[in-house]
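**Q** To start, I am sharing the structure in question, which I have written as structure tokens.
None of the figures in this text is laboratory data; all of them are computed from the coordinates on show. Just so we're clear, the structure is a prediction, and the values are computed from it rather than from any experiment. Cβ atoms come from the backbone with ideal geometry, glycine included; neighbour counts cover every protein chain shown.
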Amino acid sequence: MKAFVFVLLTVFIAFPFERLSKKQIKEFNDSYAMLKKGYEKGKYTEVNIYGKKTIEDFKIIPLDDRKDIVEQLAPKYAEIIYLLAKANLHLTLNGKADTLIACRRALDYDCMTRLADIISGTIEQSGILAKDDPEKAYFQKYRDDAVTIKDSIPALARYEYRRALDDKEKKRVGEKVAKYAPDVLEEMDSIRKVNAEEAYYRLLNSDDAAAIDSFIKANPRYEAERIKNLSEHKDAVISDVYLLAKKTGQVELVEDFLIKYPGSKYETELKAWLEWLYMKKALRSSGIYESRQYIEKFPQGKYSKEVMEHFDKLTRGEADTPQVPAYK
């Protein structure tokens, strides 16, 4: 008997329950009614704030095993916890469906994927779909719509790619959507191969060395044999232009060559030859324009001395027919 009394006293010491007053019970019931009404009206923020406060203020209820508390207040207390969980679910999802639709309109597939996963994951993890809840159908549709939108991404990605108007736009869109529609990459590769094939044969019959060089740089993985053929053809084109410039001896052709083919193996030779051509024009002219032209282009030139002497004589009104140095 003594042992029983000791245990009973221990229980009351560990859990010192105080019977709720009528005023407190009324306050709890009023809070319960207010939270329920607020939830029904969609005031989820208020339910979240006041629901937490009610749970804290009346946390003794689930620990009290008195019959009147268990039968009257404990179920309401549990319902407040459930309402709070659902209010938080609404707040978490709030606006995400609208944002998801906006992302879909903008064809932002990363955004669509991220939001759809958040929506479906949040609803599934809440456990509400496994409960007999009047809002179960609402959340089920919410989740299903998000999943449907995510599942539509590959078709939308292909549609965006098909709408691209030119090769440049197709490449940009293709790189954007490839992660969501891998078959687009295959189509891009196919188009790239066809375009490369057409460009290859076109360039083999072209004298546009710059275009050939651009193609080679843009297609580093193209067939080695064909790259070799294009490189040899480019060299032949440049060689033909070089020989024409040398044969005609026209200053314009030499200057045009140096502009079009910078860094070619003929560059150093033609720069020296161009200076010699300007010098020859200057020394063979009876006017000062050609001499001045040489001095402006080659102020520290190889033939500066000869040209300056010729220029000085002409400005003094003296006749001068100097010998033109041989090109070396």
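**Q** Please go through the range 200-229 and give me each residue that is under 21 Å from Tyr261 (Cα atoms) and among the aliphatic types (A, V, I, L, M), ordered by number.
**A** Hits for the range 200-229 are Leu203, Leu204, Ala209, Ala210, Ala211, Ile212, Ile216, Ala218, Ile227.
Rundown of residues vs (1) more than 29 Å from Leu156 (Cβ to Cβ); (2) of a type in the set (A, V, I, L, M), yes/no style:
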site	(1), (2)
Val70	yes, yes
Lys76	yes, no
Asn94	no, no
Thr99	no, no
Ala106	no, yes
Arg114	no, no
Ile119	no, yes
Asp133	yes, no
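**Q** Quick test for you: out of Lys305, Lys281, Lys297, pick the one residue that is over 18 Å from Val251 (Cβ atoms) and among the basic types (Lys, Arg).
**A** Lys305
**Q** Related question: Based on what the data block shows, is Lys43 without any contact (Cβ under 8 Å) to a residue 12 or more places away in the chain and touching a Leu at 6+ places or on another chain (Cβ under 7 Å)?
**A** no
**Q** Taking the range 214-244 as the region of interest, how many residues are under 22 Å from Glu269 (Cα atoms) and not β-branched (Val, Ile, Thr)?
**A** The number of residues fulfilling the criteria is 11.
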